[in-house]
């Protein structure tokens, strides 16, 4: 769990030092969507174990999920949205999202190698790549839709 806490603190510190706080409330709804999706998937894998966090008590699992939802997922989404390219062509967005998928993949590989997470059932890194690409695309489209309609 030390890796989860460390990454969460690092992301929040990065936000405090380099984050554009002027747009915080503009990005907040999509960041909450990311946190809620994380909580929903964590509940799903409790009953359908695609991955797990080994050797944790129920209390530690609750703490870990809260830290991941409002530390790692919330801040990663914030930083992703903050640095969206100004010129948003299809190719530039695919490239930009791909960079964030690679970042997420590196984090997952580190977590796997440290034993902080274990894949279960049929889940593997290829599914993580696909789901991360879909999630970052969802966050981009949700942010655009919310900005347009608010």
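See the values below:
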{"item": "Qualifying residue in segment 82-96 (condition: surrounded by 18 or more Cβ atoms within 10 Å (Cβ to Cβ) and touching a residue at least 24 places away in the same chain (Cβ under 8 Å))", "result": "no"}
{"item": "Search result, residues across segment 7-23 that are without any contact (Cβ under 8 Å) to a residue 24 or more places away in the chain and surrounded by 11 or more Cβ atoms within 10 Å (Cβ to Cβ)", "result": "10, 13"}
{"item": "Scan of segment 25-38 for residues that are surrounded by fewer than 16 Cβ atoms within 10 Å (Cβ to Cβ) and without any contact (Cβ under 8 Å) to a residue 40 or more places away in the chain, ordered by number", "result": "25, 28, 36"}
{"item": "Residue identified as more than 25 Å from residue 2 (Cα to Cα) and either surrounded by fewer than 11 Cβ atoms within 10 Å (Cβ to Cβ) or under 14 Å from the mean Cα position of the chain (by Cα) (or both) among 139, 146", "result": "139"}
{"item": "Residue within segment 87-96 that is touching a helix residue (DSSP H, G or I) at 6+ places or on another chain (Cβ under 8 Å) and part of a helix (DSSP H, G or I) present", "result": "yes"}
{"item": "Candidates 71, 59, filtered to the one that is surrounded by 13 or more Cβ atoms within 10 Å (Cβ to Cβ) and either assigned to a helix (DSSP H, G or I) or touching a residue at least 40 places away in the same chain (Cβ under 8 Å) (or both)", "result": "71"}
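Any read-out appearing in this document is the output of simple, stated calculations on the displayed coordinates, not a laboratory observation. All of these numbers come straight from a predicted model, not from anything done at the bench. Positions of Cβ are generated from backbone atoms using ideal geometry, with glycine treated the same way; all protein chains shown enter the neighbour counts.
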